[in-house]
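The values are calculated or read from the model by the stated rules, or taken from the named source; none is laboratory data. Quantities reported herein were computed from a predicted structural model and do not represent experimental measurements. Ideal geometry is used to build each Cβ from the backbone, glycine not excepted, and the neighbour counts take in all protein chains shown. Remember, those area values only see protein heavy atoms, side chains included, never the ligands or the DNA or RNA. Shrake-Rupley method; radii C 1.70, N 1.55, O 1.52, S 1.80 Å.
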Amino acid sequence: RREDTPAAWPSDEGSRPGTTYTPTVSSTGDALIGRTLDGRYRVLRRLADGGMATVYLAVDERLDREVALKVMREHLVHDESFVTRFRREARSAASLSHPNVVAVYDQGRDGDVMFLVMEHVPGLTLREVMREEGPLSPRAALDVLEPVLLALAEAHRSGLIHRDVKPENVIINDNGTVKVADFGLARAVTSQTVTSTSGVLLGTVAYLSPEQVERGV
């Protein structure tokens, strides 16, 4: 395993700040390291960093298991429209249960720290696999594509749209299982979310449709 590979969360290169996660080797000076959020989640180390959030490896001391903790940036925490939508849609994503989906366990707020608790998935992102091994063969591509489509189909049946499907959000577990990540920022298909005008466009520019960029929908 490469030293710069995050253990639980996808990295991203060349994408829009706000959904881009790049491996962070050192956690020196990070005030959250060693802190216990909500009296339950003890932060161990930083896994990845991005414009919208920082992802940490943490221990759920109540259930004694490792989790991935996604901590939102301060400017988003103080955006009440974002906070309201985040809480509503995180609850929707937490109801999604599928073997090919990185599970959302919990969401909470500890003072000015707003966070999302997700399944910790040791492995490589599809982007990292392609970077190391080159283009996938048709057979290998189908082996990845099928579980991704199964995960998205299950989300659609539950009324959720992912909004940021890309190689960085597809994780291949150490045991070979393919999982789709970042459902915590999925959109619940309701009149409230479809008409939301918070001004925060969630997604990666290279993978957004023209109408999303133009109208933010």
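Within the range 105-137, the set of residues being closer than 30 Å to Arg35 by Cβ and part of a loop (DSSP other than H, G, I, E, B) comprises Gly111, Asp112, His120, Val121, Pro122. Filtering the range 56-93 to residues that are of a type in the set (Lys, Arg) and within 18 Å of the chain's Cα centre (by Cα) leaves Lys70, Arg73, Arg85, Arg87, Arg88, Arg91. Going through (1) among the polar types (S, T, N, Q); (2) assigned to a helix (DSSP H, G or I); (3) modelled with pLDDT of 80 or more; (4) crowded, with 19+ Cβ neighbours inside 10 Å one by one, Thr84 falls short only on (4). Pairs are defined by a Cβ separation below 6 Å, a sequence spacing of at least 6 or placement on different chains, a first member in the range 127-149 that is at negative phi and open to solvent by less than 40 Å² (accessible area, probe 1.4 Å), and a second member that is modelled with pLDDT of 95 or more and not aliphatic (A, V, I, L, M); the pairs so defined are Pro147/Asn100. Scoring Thr54 on the criteria (1) part of a strand (DSSP E or B); (2) in contact with a Leu (Cβ under 6 Å, 6 or more places away or on another chain); (3) open to solvent by less than 40 Å² (accessible area, probe 1.4 Å); (4) not aliphatic (A, V, I, L, M) leaves a single failure, condition (2). Residues in the range 138-172 that are within 12 Å of Asp182 (Cα to Cα) and in a loop (DSSP other than H, G, I, E, B): His162, Arg163, Asp164, Val165, Lys166. Within the range 27-45, is even one residue of a type in the set (S, T, N, Q), under 28 Å from Ile172 (Cα atoms) and surrounded by 20 or more Cβ atoms within 10 Å (Cβ to Cβ)? The answer is no; no qualifying residue exists.
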